[in-house]
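The values are calculated or read from the model by the stated rules, or taken from the named source; none is laboratory data. Model, not experiment: these values are computed from the prediction. Positions of Cβ are backbone-derived with ideal geometry, glycine not excepted, and every protein chain shown enters the neighbour counts. For accessibility, only protein heavy atoms count, side chains too; no ligands or nucleic acids. Shrake-Rupley method; radii C 1.70, N 1.55, O 1.52, S 1.80 Å.
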Amino acid sequence: MEKRMLLSAIPHINELKNKLLTRFPNVPEKLLVLAAREAASRVRQEILEEKRTSLTPEEVLALAHQIVEEKLTPSLRRVINATGVVVHTNLGRSPLAKEALEAIQEVAAYYSNLEYDLAEGKRGSRYVHIEKIVREITGAEAALVVNNNAAAVLLTLNTLALGKEVIVSRGELVEIGGSFRIPDVMVRSGAILREVGTTNRTHLRDYEEAINENTALLLKVHKSNYALLGFTKEVSGKELVELGRKYNLPVVEDLGSGCFVDLTKFGLPKEPTVQEVLASGIDVVTFSGDKLLGGPQAGIIVGRKELIEQIRKNPLNRAVRIDKMTIAGLEATLRLYRDEKEALSKIPTLYFITLPPEEIKKKAKQLRRRLRKKLPKEVSLKIIQTTSRVGGGAMPLSNPISYALVIDTPKFTAAKLERALRNSSPPIIGRIENERFLLDMRTVFPEEFSVITEVLANILGEA
């Protein structure tokens, strides 16, 4: 069929819109017109590029239907994490505790005293709602919370080292997700980077020899997302503190993940806690709120009161400040840390990280029982031992034991099944390992079992 005839088969926009109205009576006509035009435009382009040799009006209408459905589906939506990576940056990092969700809903749905002093009846500060609980949990003299840890580092360096040198070990010039590098942050802060030591070995004398009249501070960056092994040497925070006192220089540590609990009790590698780092004498510590802490995205700055006050007064603070929903969620999360057992059981990130392998295996068996009742017999459901990840740039050498459900079916290859589940509603994100599709049960909530069962039954067919 020639192009002219194919083009003439495309229905008029008004005709498409009216047919869409019968399928989507409650959708604004403006959106339906937009979908009709987009469908007609796509088909027209395919014809002109000779990608179509036939066309019916029904095909154009079906495409318009699909476009409307796409426009009605939120871009940011819930997914089921069956990857085994607990703090999965691509999947939103830490899911929040029920208490945090309730606090956010209460504050978001109504007015709040965000910047209103109820006792005095006048304007107040948003930071008072969060500083007390941060100080209580960490033992810091003062605290400030901004929108993420990169902002916390940027604001701290801009305040304390603008136009001056910051000494840091070459082995700590890390890059985090999205090609975001410590040296780049330092440049934007207005500080001057002074590298010392080598990639694998830095000595205290390297720092001392670099100190001059233009030195503003000593910076330590926790290597949370990688590890140096073999012939290595690094200077401890305590050693830097002693050197800083000798030359009257503050010491700042970018701790990254922000852990409050000693995770070695659960067989995990040592991760320095915020409390320990502060106790070593570090003047200012920055860390994330949505990694090992298990709260919403935030950058938390704690340390000596006079330094935190300087940082708080920086005009740049206004550009990186947190909103009321973050404050509500973070405060509720931190309150759970008053009782470590409560934090471990109620904060999903901590719960998943410390979940014993035998409990994960029980979850795998429970899901398998559900699936066995719903899926055809030819679908194989095998439980295997595997390893998961903490994620979020934390504990790179930690591969805790986990259990996964391997789904094998003659109907789909592993890659095809992965794609089908990824495009389901809600999307289910698993992983492929040795050409097998796995659902790692460490990061799956029990209440998600029914959803997984329903989605798989629809894709693979019911028993």
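Structural size metrics of the range 362-463, computed from C-alpha coordinates, are Rg and Dmax of 13.5, 42 Å. Among the listed values (i) 22.7; (ii) 24.1; (iii) 25.6, the one computed from these coordinates for Kirkwood radius over Cα pairs in Å is (iii).
Taking amide H positions as modeled 1.01 Å from N, with prolines and chain starts lacking one, the residues under 5 Å from residue 253 and 5 or more places away or on another chain are 220, 284, 285, 286. Highest-first packing order for the peptide set 379-388, 119-128 is 379-388, 119-128, based on the mean count of other beta carbon atoms within 10 Å.
Estimated at the nearest 10 Å², the accessible area of residue 21 is 50 Å² with a 1.4 Å probe.
Return the long-range amide H neighbours of residue 55 (sequence gap of 5 or more, or a different chain), with a cut-off of under 5 Å between placed amide H atoms. It is none; the list stays empty. Derived from the Cα gyration tensor, the three semi-axes of the equivalent ellipsoid of the range 127-200 are 26, 14, 13 Å, largest first. With a 1.4 Å probe rolled over the protein heavy atoms of all chains, the accessible area of 309, 253 falls in the order 309, 253, largest first.
Which of the lysines could be linked to residue 98 by a straight reach, that is with a Cα gap under 20 Å, when you skip same-chain ones fewer than 8 residues away? Result set, ordered by chain and number: 291, 324, 341, 346.
Site pair residue 248 and residue 408 shows an inter-label distance of 7.2 nm when each label is modelled 7 Å from Cα along Cα→Cβ.
Here the translational diffusion coefficient of the range 255-399 follows from Stokes-Einstein with Rh set to the Kirkwood radius across Cα pairs; for 4 °C and 1.567 mPa s it amounts to 72 µm²/s. Taking the Cα centre of the chain as reference, the dipole from Cβ charges on Lys and Arg (+1) and Asp and Glu (-1) amounts to some 1260 debye. Here the accessible area of the chain is 50 percent carbon and sulfur, with a 1.4 angstrom probe and all protein chains present.
For the range 253-311, pairs of C-alpha atoms spaced more than 14 angstrom apart make up 55 percent of the total. At full extension, residue 212 and residue 113 could sit 30.9 nm farther apart than now, given 0.36 nm per residue minus the alpha carbon distance.
With θ taken as phi - 60° and the Karplus curve 6.51 cos²θ - 1.76 cosθ + 1.60 applied, the whole-hertz 3J(HN,Hα) list for the range 290-295 is 10, 10, 5, 5, x, x Hz, x standing for glycine and proline. For the range 229-310, applying the loop criterion from DSSP together with a ceiling of 13 other beta carbons within 10 Å to the chymotrypsin sites (Phe, Trp or Tyr not before Pro) yields 231.
Computed 3J(HN,Hα) for the range 342-353, one whole-Hz value per residue from the Karplus formula 6.51 cos²θ - 1.76 cosθ + 1.60 where θ = phi - 60°, is 5, 4, 5, 8, 9, 8, x, 4, 5, 4, 5, 5, glycine and proline marked x. Accessible surface area normalised per residue over the range 276-381 is 44 Å², counting heavy atoms of protein chains with a 1.4 Å rolling probe. Computed as a quarter of the hull surface, the mean projected area of the alpha carbon convex hull for the range 1-117 stands at 12.7 nm². The string of couplings for the range 258-264 from the Karplus curve (6.51, -1.76, 1.60, θ = phi - 60°) is x, 8, 10, 10, 6, 7, 5 Hz, one whole number per residue in order, with x for Gly and Pro. Within a straight-line Cα-Cα reach of under 13 Å, residue 374 can be paired with the following aspartates and glutamates, leaving aside sequence neighbours fewer than 8 residues apart in one chain: 454, 462.
Panel values: the range 64-174, Kirkwood radius from alpha carbon pairs, Stokes-Einstein at 25 °C and 0.890 mPa s, translational diffusion coefficient 128 µm²/s. Accessible area per residue for the range 1-74 is 65 Å², calculated with a 1.4 Å probe on protein heavy atoms, without ligands, DNA or RNA.
Under a 5 Å amide H cut-off, with hydrogens placed 1.01 Å from N, residue 87 pairs with 391, 392 among residues at least 5 apart or on other chains.
The heavy atoms of residue 173 offer some 40 square angstrom of accessible surface to a 1.4 angstrom probe.
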